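Derivation of every value follows stated rules applied to the coordinates shown; laboratory data play no part. The structure displayed is predicted, hence computed values, not measured ones. All Cβ positions, glycine included, derive from the backbone under ideal geometry; neighbour counts span all protein chains shown.
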Amino acid sequence: MSSPAFKDRRRTRRHPVHQIGMILAQPGGTALYCLVVDRSDGGVRIRTTSDFEAPNEFVMRVGNADSRYSVVWRKGPVVGAKLV
């Protein structure tokens with residue numbers, strides 16, 4: 001009996017979003033844009049530009065809503081972050 005090559009360990013399903021978000025690294029600082037690829041009940045997957053590394057903790061604005069996130073994993077310009 002073989003095991004699957006990839007085991008999905010997410011607690012909740014991801015839902016495609018494909019919206020522009022703004023990362024607010026520090027209050028009063030410059031907002032940096034990112035693409036919110038998808039989201040789940042507990043977090044997001046975002047893509048940043050290659051010349052910007054998202055900080056370990058950040059506030060992201062999508063539409064009129066601000067939420068605080070903490071980075072869980074990074075793979076180049078793609079970042080997975082959990083809702084804090």
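Brief remarks on what is shown
- Look at [x] 1.03; [y] 1.33; [z] 0.93: the one that is Rg/Rh (Cα atoms, Kirkwood Rh) derived from this structure is [x].
- Within the chain: Cβ-based charge dipole about Cα centre, in debye rounded to nearest 20 (Lys, Arg +1; Asp, Glu -1): 420
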